[in-house]
Amino acid sequence: MQILQTKIPGLLIIEPNVFEDQRGYFFESYNQERYTEAGLDTRFVQDNISSSVRGVIRGLHYQLAPYSQAKLIQVLKGTVLDVAVDLRQGSPTFGEHYAIELSEKNRRQFFIPSGFAHGFSVLSEEVLFHYKCDRFYNREAERGINFNDSELNIDWQIPEEEAIVSGKDQALPSFKEAERNFIFRH
Ligand SMILES: Cc1cn([C@H]2C[C@H](O)[C@@H](COP(=O)(O)OP(=O)(O)O[C@H]3O[C@H](C)C(=O)[C@H](O)[C@H]3O)O2)c(=O)[nH]c1=O
């Protein structure tokens with residue numbers, strides 16, 4: 001297993017060891033001992049799975065401190081552009097975002113520490129999306145930033161007319177309006 005740094009401290013790319021043969025492939029998608037040895041000693045408590053069709057954009061979501069979640073993300077089928085936005089006060093990369101293509105083909109995992117907003121766009125016909133969280137879902141603490149925020153200016157790689165976004169997400173505030181929520185320590 002390889003762990004790669006990104007331009008934003010704390011955001012990590014994990015490339016698992018994949019065993020392929022004439023039947024297909026196998027890899028350990030999580031192993032507490034191995035990941036802890038590699039420096040990822042997060043204690044995950046909840047797994048989520050969502051399925052989405054081409055053009056869907058989910059996010060940008062986060063939970064207010066102290067309920068903010070670290071996530072270990074993996075695409076089981078299909079391809080997404082996955083995006084994390086640094087909301088950690090005092091972080092040298094505050095307000096910056098990092099985007100990475102995750103797919104069944106590249107088998108890459110993406111680790112996002114707490115203090116980030118998260119979202120993804122679906123670039124294949126459909127996607128099966130799996131992620132581990134280190135804190136439970138807390139509906140009251142759920143917040144978001146508009147995926148189309150002009151300051152973040154994220155290229156979701158989805159033509160505007162093809163984007164499929166929930167009413168809830170379309171109504172999310174701008175980065176500036178949401179900023180008073182960002183009391184995440186760097
Ligand atoms: C996240 C979550 C949702 N729900 C319920 C709440 C709603 O009734 C239903 C769909 O939730 P929502 O529309 O918020 O699902 P997503 O748009 O995929 O939300 C996720 O999208 C981005 C990409 C994330 O990183 C977050 O984990 C999460 O906010 O599932 C639960 O019961 N438990 C949960 O942990």
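The values are calculated or read from the model by the stated rules, or taken from the named source; none is laboratory data. The structure displayed is predicted, hence computed values, not measured ones. Cβ coordinates were reconstructed from backbone atoms using ideal geometry, including for glycine residues, and neighbour counts include every protein chain displayed. Note: accessible area is taken over every heavy atom of the protein model, side chains too, but ligands, DNA and RNA are not part of it. Shrake-Rupley method; radii C 1.70, N 1.55, O 1.52, S 1.80 Å.
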Q: Among the residues of region 89-140, write down those that are touching a His at 6+ places or on another chain (Cβ under 8 Å) and open to solvent by less than 20 Å² (accessible area, probe 1.4 Å).
A: 91, 112, 115, 117, 118, 119
Q.
Restricting to region 102-127, and then to whatever is over 16 Å from residue 27 (Cβ atoms) and over 12 Å from the mean Cα position of the chain (by Cα), can you tell me which residue is farthest from the ligand (Cβ to nearest atom)?
A. 125
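I'd like to verify a number: residues in region 76-117 that are in a strand (DSSP E or B) and among the acidic types (Asp, Glu), how many? Before you say what the answer is, go through the steps one by one.
Narrowing region 76-117 to residues in a strand (DSSP E or B): 76-77, 79-86, 88-89, 97-103, 109-112, 116-117.
The next check asks that each one be among the acidic types (Asp, Glu); those that pass are 82, 86, 101.
Looking only at that region, the number is 3.
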Q | Per-region count, region 60-82, residues under 16 Å from residue 114 (Cβ atoms) and either of a type in the set (A, V, I, L, M, F, W, C) or within 14 Å of the ligand (Cβ to nearest atom) (or both) | A | 13
Q.
Can you list residue pairs whose Cβ atoms sit under 8 Å apart, with the first residue in region 13-28 being within 11 Å of residue 1 (Cβ to Cβ) and open to solvent by less than 100 Å² (accessible area, probe 1.4 Å) and the second being of a type in the set (Lys, Arg) and not in a loop (DSSP other than H, G, I, E, B)? Count only pairs 6 or more apart in sequence or on different chains.
A. 28/34
Q: Among the residues of region 29-39, count how many are outside any helix (DSSP H, G or I) and surrounded by fewer than 11 Cβ atoms within 10 Å (Cβ to Cβ).
A: 1
Q: Starting from region 34-52, keep only residues that are without any contact (Cβ under 8 Å) to a residue 60 or more places away in the chain, then list their pairs with residues that are open to solvent by 40 Å² or more (accessible area, probe 1.4 Å) and of a type in the set (Val, Ile, Thr) whose Cβ atoms are within a distance under 8 Å, requiring at least 6 positions of separation or different chains.
A: 38/3; 39/3
Q) Take the residues of region 45-59 that are open to solvent by less than 10 Å² (accessible area, probe 1.4 Å) and touching a helix residue (DSSP H, G or I) at 6+ places or on another chain (Cβ under 8 Å): which is nearest to the ligand (Cβ to nearest atom)? A) 59
Q.
Which pairs turn up if I take residues in region 59-71 that are in contact (Cβ under 8 Å) with a residue 12 or more places away in the chain and look for partners that are exposed (fewer than 15 other Cβ atoms within 10 Å of the Cβ) and among the charged types (D, E, K, R) with beta carbon separation below 9 Å, at least 6 apart in sequence or on another chain?
A. 61/142; 62/142; 63/142; 64/140; 64/142; 65/185; 67/140; 67/142
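Working carefully through the options 42, 6, find the one that is open to solvent by less than 60 Å² (accessible area, probe 1.4 Å), over 13 Å from the mean Cα position of the chain (by Cα), among the β-branched types (Val, Ile, Thr) and over 29 Å from residue 165 (Cβ atoms). Quick ask: steps written out before the conclusion?
Details: 6 fails: over 29 Å from residue 165 (Cβ atoms).
Within the list 42, 6, the selection yields 42.
Does region 89-114 hold any residues that are of a type in the set (Lys, Arg) and either touching a residue at least 60 places away in the same chain (Cβ under 8 Å) or more than 18 Å from residue 51 (Cα to Cα) (or both), and which are they? Full working, then the answer.
Going through region 89-114, the residues of a type in the set (Lys, Arg) turn out to be 105, 107-108.
Once the filter is applied, which keeps residues that are of a type in the set (Lys, Arg) and either touching a residue at least 60 places away in the same chain (Cβ under 8 Å) or more than 18 Å from residue 51 (Cα to Cα) (or both), region 89-114 yields 107, 108.
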